[in-house]
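Here, each number is a calculation from the coordinates, and none is a lab measurement. Values in this document were obtained by computation on a predicted structure and should not be read as measured data. Cβ coordinates were reconstructed from backbone atoms using ideal geometry, including for glycine residues, and neighbour counts include every protein chain displayed.
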Amino acid sequence: MDHPFWRIWAEFRENRTAVVALAVVIVIALVALLAPLIAPQNPYDLAKLVLMDARRPPGYIGSNGYMHILGTDAQGRDLFSAIIYGLRISIQIGVLAGMVALTFGALLGTSAAYFGGRTEAFIMRIVDLQLSFPAILLALMLSALLGKGMMQLVAALVTAQYAYFARTAHGAASVERSKDYVEAALSTPLPAYIVVFRHILPNCLPPLIVVATVQIANSISLEATLSFLGLGLPPTEPSLGMLIANGFQYMMSGRYWISIYPGIALIVLIVAINLVGDQVRDQLNPRLKR
Amino acid sequence: MLGFVIQRLLQAFTVMMVISFLVFLGVYAIGNPIDVLISPDADQRIRELVIRQYGLDLPLWQQYLGFLKRLVAGDFGRSFVFNMPVLELILSRLPATLELTLAAVLGATLLGVPLGMYAGYRPDGLASRLIMGLSILGFSVPTFWVGLVLILTFAVALGWLPAGGRGDTAMLFGVPWSFLTLDGLSHLFLPALNLALFKLAMMIRLARAGTREVMLTDTIRFARAAGESEWTILSRHVLRLIAIPLVTVFGLEFSSTLAFAVVTETIFSWPGIGKLIIDSISSLDRPVMVAYLMLVAFLFIMINFLVDIAYAALDPRMRVRRA
């Protein structure tokens with residue numbers, strides 16, 4: 001019971017909202033993972049789409065014989081299936097972009113702290129500069145320049161977000177760098193990169209994990225926004241943002257469900273991730289400790 | 001102080017040069033510069049004429065110098081779609097965006113700071129929990145979706161407010177503004193609210209976090225011991241102590257709101273620069289993209305510069321340390 005993980009969990013468990021949020025995140029992740037088993041229809045299989053079933057309200061029983069519990073979109077796609085598959089894409093992109101940005105940012109931040117001097121000043125100046133630009137603008141411009149596609153989108157998201165990780169890693173690593181145990185490790189014949197990876201980096205992980213949860217939620221939201229604006233993924237892989245965008249034109253005529261339900265799925269996911277992140281951040285903030 | 005200002009000015013200049021170089025690389029060197037300058041419909045003769053005129057047969061560094069020269073002269077080329085000088089086009093759209101952004105940021109600050117301070121003052125109260133719940137929602141829910149819900153609720157279902165456009169405008173300083181007419185205000189309300197929600201959530205969180213920390217300090221303990229009323233403590237001491245980060249955020253948020261206006265303007269068909277850039281991206285109107293990028297970068301750097309100066313004015317330690 002004395003393992004740090006259990007101590008963190010014991011404190012985490014006291015916040016019921018955060019526990020519920022964590023459960024929601026896990027359920028959504030499982031649903032997205034098992035999408036082909038859960039969804040009544042493969043929304044990407046164009047042969048299965050029946051145009052007669054297009055834009056039907058929730059509860060409509062389509063020509064395939066089952067009920068579209070959330071209705072259908074303009075192509076006759078079952079919205080429930082489309083949302084599950086959309087979640088899958090959104091989560092994939094969010095996690096991928098978050099992890100790449102984490103790796104890249106942490107590497108940059110810790111090396112800045114390790115080398116110090118001019119290297120540090122140079123790297124951190126660039127990072128600060130980038131932080132002063134809003135992520136959405138960078139992502140917007142990059143995806144406009146790079147074109148559509150999964151990899152282009154991830155690249156745009158990573159470029160827009162790595163700076164947050166670099167800043168956090170730099171802050172944490174600078175503190176560790178000046179501690180005695182690091183000096184001691186450096187005075188042994190161990191190569192410097194081992195000291196950085198074995199000693200400095202693991203001690204910088206807690207704040208990085210907090211930033212990572214928030215940034216994954218941000219990536220998902222950013223991706224949805226870009227897709228909504230028509231700059232994200234190609235229409236063959238509709239993510240949640242694109243589903244919402246497709247429904248936008250029908251909303252004025254009262255067909256609200258095409259946009260609203262994917263939006264709710266998106267929000268539940270993002271809010272849940274943020275609630276978990278909030279709790280973890282509060283737990284790790286020493287200034288709030290009594 | 002003067003030394004500090006000069007140093008910051010030099011820094012801003014350097015950054016602007018770096019960005020101009022990156023934009024040049026991104027749009028001219030990686031993309032095909034001919035696409036940037038010549039409409040796809042142009043015939044071969046015009047193509048060659050423009051290639052020579054803009055020196056696209058010259059080495060890269062000379063091209064960059066030419067690019068800079070045109071930038072300084074304010075020559076961003078002509079928009080293919082609107083067939084008018086890009087600078088003129090952007091300047092004609094700028095007031096709409098500025099109006100929207102200002103309305104959103106001001107609203108968010110005037111509402112968010114008191115709410116956040118209250119939530120930080122009574123962190124366990126029911127109202128505070130409600131405020132924080134709302135702020136988490138405002139923080140998490142993507143702007144574009146809030147916009148959709150606002151339209152669906154107030155324009156489609158209730159029919160109280162218009163769903164898009166700027167409405168009637170009135171002239172002030174030779175520029176049309178929406179906030180001067182009643183119809184314009186009714187058009188402004190929903191997009192401004194949409195744009196403000198994210199900022200509101202942020203202001204609430206910052207003010208709350210600041211207040212919580214300040215309330216635990218000795219300053220407040222002594223103020224209480226001196227018998228000052230809670231209201232005086234909050235309005236005199238706490239507000240002043242949390243003001244510095246709030247000023248920074250106000251400035252930075254103003255510029256990021258300009259960026260987020262892209263989303264709001266697209267949804268509410270608000271004819272500002274945000275809608276212009278999205279339309280330009282989808283119609284590959286590259287001169288407009290370049291000009292927008294440079295203009296927004298310029299605005300950002302100016303705002304950052306002003307925030308730095310304001311910071312130094314508020315906190316004398318900053319002057320000593322950096323200058």
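Some points to look at:
- Centre-to-centre separation between the Cα atoms of region A:100-146 and those of region B:274-305: 22 Å.
- Kyte-Doolittle at least 0.0, axis length at least 15 Å by Cα - qualifying DSSP helices, chain A: A:16-33, A:79-115, A:117-131, A:135-146, A:150-177, A:201-228, A:240-251, A:257-284
- Each residue, residue A:190 and residue B:126, gets one label point 7 Å from its Cα in the Cβ direction; the gap between the two is 5.5 nm.
- Ranked A:239, A:259, criterion: other C-beta atoms within 10 Å, fewest first: A:259, A:239
- Mean Cα-pair separation over length for region B:179-302, i.e. relative contact order, pairs under 8 Å, 6 or more apart, %: 21
- nm² value of the averaged projected area, convex hull over the Cα atoms of the protein assembly as shown: 34.6
- Computed over region A:109-257: relative contact order in percent, which uses C-alpha pairs under 8 Å that are six or more apart: 26
- Here the residues A:9, A:257, ranked from fewest to most Cβ neighbours within 10 Å of their Cβ, fall in the order A:9, A:257.
- Among A:269, A:240, A:34: highest mean-square fluctuation, GNM of chain A, C-alpha pairs under 10 Å: A:34
- Cα centre as origin, Lys/Arg/Asp/Glu Cβ charges: the protein assembly as shown dipole, Debye: 1060
- Ranked B:199, B:69, A:148, A:179, criterion: other C-beta atoms within 10 Å, fewest first: B:69, A:179, A:148, B:199
- Extension gain (nm, one decimal) between residue B:134 and residue B:186, 0.36 nm per residue minus Cα-Cα: 16.3 nm
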